[in-house]
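Here the structure comes first, spelled out in structure tokens, and everything after it is commentary.
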Amino acid sequence: MVASRQNWFIRNRMTLLTLAVVLAYAAFIEWFWGWGSILAQWGKVGVPPILLALALLTSTYFLRTWRIYDYFPKETGGHFTALFRVTQVHNLLNIMMPFRTGETSFPVLMRSEFGIPLARGTSALFVMRLLDLHALLAAAGVGLALASPYGALAWVLWFAFLLLPVAAFILRRPLLKFAGKALPKKAQGLVHELERGMPANASAFARAWLTTVVNWLVKVLVLAWALRLMNVTPLSASFGGAVGGELSSVLPVHAPGGVGTYPAGITAGAIAFGAPGLKDALDNLAQASISAHLLIVVSALTGTALALLISRKHN
């Protein structure tokens with residue numbers, strides 16, 4: 001009897017962990033804001049736009065899964081649904097746990113589910129996160145180029161920055177060799193791990209890079225649209241808020257669930273891109289940033305629930 005219970009807990013550990021995270025976060029929202037006020041604000045936007053935004057945000061999770069699926073074709077081939085579950089649980093933990101500690105779940109889950117060594121999973125994740133950060137900075141560069149008085153020069157610099165990962169991949173061997181010699185011995189191990197985590201060839205890199213750009217482009221545009229629906233003006237401010245929120249989510253300083261840090265990132269980004277500093281406008285921006293943050297969390301919960309449902313049907 002005891003053994004059967006233990007087996008049941010082992011088989012359903014991801015589901016139980018997800019439910020625990022969901023309940024804890026739901027209780028926190030009720031205690032801090034109250035679900036009534038949040039739902040009332042969403043009601044002003046309307047159900048169809050919210051459902052469309054959730055659908056688009058959830059679609060990016062399939063794109064992220066495909067990027068990892070293509071990154072480890074031998075290990076994950078034929079197991080897309082299992083990988084989708086792993087990536088969604090990792091994404092949820094990454095959102096909910098502070099200071100990026102949720103990232104450690106990725107190599108652990110990839111080892112337990114697909115037998116990928118911890119070092120390789122960690123180094124691959126590191127490379128993918130560098131691509132993510134670059135894509136977000138490139139998205140921020142779009143706003144800066146649009147606002148720049150030196151339009152042509154700004155776009156040339158932006159395009160050069162956009163192609164920076166391509167140049168880095170082409171020159172990866174001499175760059176890694178130089179870094180290995182220039183850095184202290186303690187840091188040389190990081191260079192070797194970075195090399196191990198890179199895509200196997202140029203076509204694999206191109207797919208990973210393009211998938212990353214499309215993924216973040218969709219996510220930022222959807223968030224900008226949602227903020228605009230919540231009366232964050234001008235349009236450049238809603239775009240800046242979307243970029244600022246997502247940048248806060250990939251930086252090392254990250255509160256549990258992104259509470260405080262994600263809305264602060266939206267607010268800072270919106271103000272930097274032209275949001276008015278009047279009290280009423282700032283109050284609206286603060287409420288919109290919280291609602292946008294919850295939209296991200298709900299999309300993560302939706303994706304995780306969908307992943308668990310799909311994986312159960314295929315087991």
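Points worth noting:
- The condition of being within 27 Å of A139 (Cα to Cα), among the hydrophobic types (A, V, I, L, M, F, W, C), part of a helix (DSSP H, G or I) and open to solvent by less than 30 Å² (accessible area, probe 1.4 Å) holds for only one of A208, A179, that being A208.
- Within region 229-248, the set of residues being of a type outside the set (A, V, I, L, M, F, W, C), open to solvent by 10 Å² or more (accessible area, probe 1.4 Å) and in a helix (DSSP H, G or I) comprises S236, G244, S248.
- Of all residues in region 182-202, those satisfying the criterion of being farther than 22 Å from I116 by Cβ and either touching a helix residue (DSSP H, G or I) at 6+ places or on another chain (Cβ under 6 Å) or surrounded by 13 or more Cβ atoms within 10 Å (Cβ to Cβ) (or both) are L183, Q188.
- Flag if F84 is over 14 Å from the mean Cα position of the chain (by Cα) and in a helix (DSSP H, G or I): yes
- Residues (touching a residue at least 12 places away in the same chain (Cβ under 8 Å) and assigned to a helix (DSSP H, G or I)) located in region 182-202: V191, H192, E193, L194, E195, R196, A202
- Per the listing T58, T81, the residue uniquely polar (S, T, N, Q) and within 22 Å of S249 (Cα to Cα) is T58.
- Selection count, region 214-228, where residues are crowded, with 17+ Cβ neighbours inside 10 Å and either aliphatic (A, V, I, L, M) or touching a residue at least 24 places away in the same chain (Cβ under 8 Å) (or both): 10
- Flag if A292 is under 25 Å from G36 (Cβ atoms) and at pLDDT 85 or above: yes
The values are calculated or read from the model by the stated rules, or taken from the named source; none is laboratory data. Computed from a predicted structure; not experimentally measured. Heads up, the Cβs are rebuilt from the backbone with ideal geometry, glycines too, and the neighbour counts pull from every protein chain shown. Side chains included, ligands, DNA and RNA excluded: accessible areas come from the protein's heavy atoms. Shrake-Rupley method; radii C 1.70, N 1.55, O 1.52, S 1.80 Å.
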